[in-house]
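**Student:** Handing you a structure now.
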Amino acid sequence: MSTDPSEQPEKKPLQQIQHSSVTARVTDSVGQGVFATAAIVLGSPHEFTIDFLQSMVRPSRVAARVVMPRPVAVQFATALSEAIGKYTEAFGTSPHHPTRKSEPQAAQSDPPTAPPSGASAASKDEPAIADMYEHLKLPDDMLGGVYANTASITHTASEFCFDFIAQFFPRSVVTARVYMAASRAPELLASLKRSTGME
């Protein structure tokens, strides 16, 4: 029997792990989802945080916080753009919602470091991100958010549904389900594009 490593047969991985987000588990607490009227997209060099807001009453509150790696945020923005395109094909017009001055808008923050190439700075009309968060309710149990490394987008004529999914072995799980009026989807897309440098 030889002890020369070069003569040993090459060891191969025992098993490839494959699982699909299509069969992601949805727990009862997540399955009912939350409704959001706006979103704030916070960017950093490694991940993005999307805070979905409920702003029907004052003070506005964060209804869901989703954290995703930068490449996943770019994929999510691309998928949302495609979903809005399919919405337009199905219902004839792109969803649009006129924004009133008193409503919080979907916003984007500058990353702590220099923005990615092609990223536009926040407009002078947008309030500073720290000022926005001073007037938001952010429950302690939501500070860390939930993690997602993929997402699923569906829509009806009136609303969009975002399922944020953590794909880990042995089974994918929906970590957050968020509903938004269809007219708010373009605002979210614009904010994602600014934050990820897609525009």
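What follows is calculated from the coordinates using simple rules that are stated; it is not laboratory data. Just so it is clear, the structure is predicted and the values come from calculations on it, not from any experiment. Reconstructed Cβ throughout: ideal geometry from the backbone, glycine too, with neighbour counts over all protein chains shown.
**Student:** Separation between the E159 and M56 pseudo-spin-labels, each 7 Å from Cα along Cα→Cβ, expressed in nm?
**Tutor:** Rounded to a tenth, the inter-label distance reads 1.0 nm.
**Student:** Highest mean first, what order results for 55-68, 185-198 on Cβ atoms within 10 Å?
**Tutor:** Numbers: 55-68: 17.3, 185-198: 21.9.
Ranked from most to least packed, the peptides come out as 185-198, 55-68.
**Student:** Against the 2.2 N^0.38 Å scaling, with N counting residues, where does the stretch 138-182 land? I'd like the Cα-based Rg ratio to two decimal places. Kindly include the intermediate steps, with their values, before the conclusion.
**Tutor:** Values: Rg = 12.4 Å, N = 45, 2.2 N^0.38 = 9.3 Å.
My calculation over the Cα atoms of the stretch 138-182 gives 1.33.
**Student:** Calculate the FRET efficiency for A130 and F35 from the Cβ-Cβ distance with a Förster distance of 22 Å, rounded to the nearest 0.05. Before the final figure, lay out the partial values.
**Tutor:** Working: r = 26 Å, r/R0 = 1.19.
So, using R0 = 22 Å, E works out to roughly 0.25.
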